[in-house]
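Trainee: Before I ask anything, here is the structure I am working with.
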There are 2 protein chains.
Amino acid sequence: MSFKDNLTEIVDRIEGSAAAAILGIDGLLIERYLKDMDPSLDLELIAIEFTNLLRRSMRTASDTELGDLREMVIATDRLTFLLRPITTEYFLLLALNPGGNVGRARFELRKTQLALEPEFAI
Amino acid sequence: MSFKDNLTEIVDRIEGSAAAAILGIDGLLIERYLKDMDPSLDLELIAIEFTNLLRRSMRTASDTELGDLREMVIATDRLTFLLRPITTEYFLLLALNPGGNVGRARFELRKTQLALEPEFAI
């Protein structure tokens, strides 16, 4: 199964999904799949900005003795984002349109992370 | 109902709750209620660090044309945090121990935000 297949599968399984991506912690886009995302939004810019937020959150978790960061959910007016580290170097990003099922998305993202982890653990 | 009552109510309603707080976006602690939080963790430090993250996320949402930030969930090894702005100046923070019900916590936090909003809209 290719990375694109993983992303397509997760997006198709979750009602209200807009897009999914695999990113490097340096902001590099490894793979992405857009399904139903408002074309006025810039996924590349969003991915870079949210990579910065994720990096900062990982640092905050470790600075405050909370251990590793497992997951982040950021809900805004227009989209809700779920971010989940695959390893310390790569992470999954999922964007949901308003009304999308956040609970289901968290569950599916965890499953996909577990499936991808061995492939990124180099 | 005092702010302390609001926090006590929300913490007591959600299984696995560790603590709840009302904070200013400047990091000022308005009120807090600790129920079952690992005493080795420093809630004051955590609150300051997560206020920084929230501020940065609000800015990211607006910089990327996503509108207002509605909610943040940050899951770490030791605690999961839910942050929800009450107004642009104040927000709610809820900490859950591992195994706590994130879905229920999101629901209760939204209710509490709606109840508190009129009191903070000055």
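The values are calculated or read from the model by the stated rules, or taken from the named source; none is laboratory data. Keep in mind that this is a model prediction, so the values were computed, not measured. Counting neighbours? That spans all protein chains shown, and the Cβs are built from the backbone with ideal geometry, glycine included. Accessible surface areas use protein heavy atoms only, side chains included; no ligands, DNA or RNA. Shrake-Rupley method; radii C 1.70, N 1.55, O 1.52, S 1.80 Å.
Trainee: Taking the conditions exactly as written (in contact with a Gly (Cβ under 8 Å, 6 or more places away or on another chain) and open to solvent by 10 Å² or more (accessible area, probe 1.4 Å)), does B:Thr80 satisfy them or not?
Mentor: Answer is yes for this residue.
Trainee: Return the only residue of B:Phe120, B:Phe81 being aromatic (Phe, Trp, Tyr) and within 12 Å of chain A (Cβ to nearest Cβ).
Mentor: After ruling out the rest, the residue left standing is B:Phe81.
Trainee: A follow-up question, please. Test of understanding: among B:Arg13, B:Arg70, which residue is touching a residue at least 12 places away in the same chain (Cβ under 8 Å), more than 10 Å from chain A (Cβ to nearest Cβ) and basic (Lys, Arg)?
Mentor: Step by step, each of B:Arg13, B:Arg70 is checked, and only B:Arg13 is touching a residue at least 12 places away in the same chain (Cβ under 8 Å), more than 10 Å from chain A (Cβ to nearest Cβ) and basic (Lys, Arg).
Trainee: Which of the residues that make up the range B:85-97 are open to solvent by 20 Å² or more (accessible area, probe 1.4 Å) and either within 10 Å of chain A (Cβ to nearest Cβ) or not charged (D, E, K, R) (or both)?
Mentor: The answer is B:Thr87, B:Thr88, B:Tyr90, B:Asn97.
To keep it simple, each residue is scored yes or no on (1) in contact (Cβ under 8 Å) with a residue 12 or more places away in the chain; (2) under 24 Å from A:Leu79 (Cα atoms).
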position	(1), (2)
B:Gly27	yes, no
B:Leu43	yes, no
B:Arg55	yes, yes
B:Asp63	no, yes
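Trainee: Restricting to the range B:57-67, name every residue that is at the interface with chain A (Cβ under 7 Å from one of its Cβ atoms) and not aliphatic (A, V, I, L, M).
Mentor: Passing the criteria: B:Ser57, B:Thr60, B:Asp63, B:Thr64, B:Glu65, B:Gly67.
Trainee: Inspect all residues belonging to the range A:30-48 and state whether any of them is of a type in the set (Gly, Ala, Ser) and open to solvent by less than 20 Å² (accessible area, probe 1.4 Å).
Mentor: Within the range A:30-48 (the criterion being of a type in the set (Gly, Ala, Ser) and open to solvent by less than 20 Å² (accessible area, probe 1.4 Å)), the answer is yes, since at least one residue qualifies.
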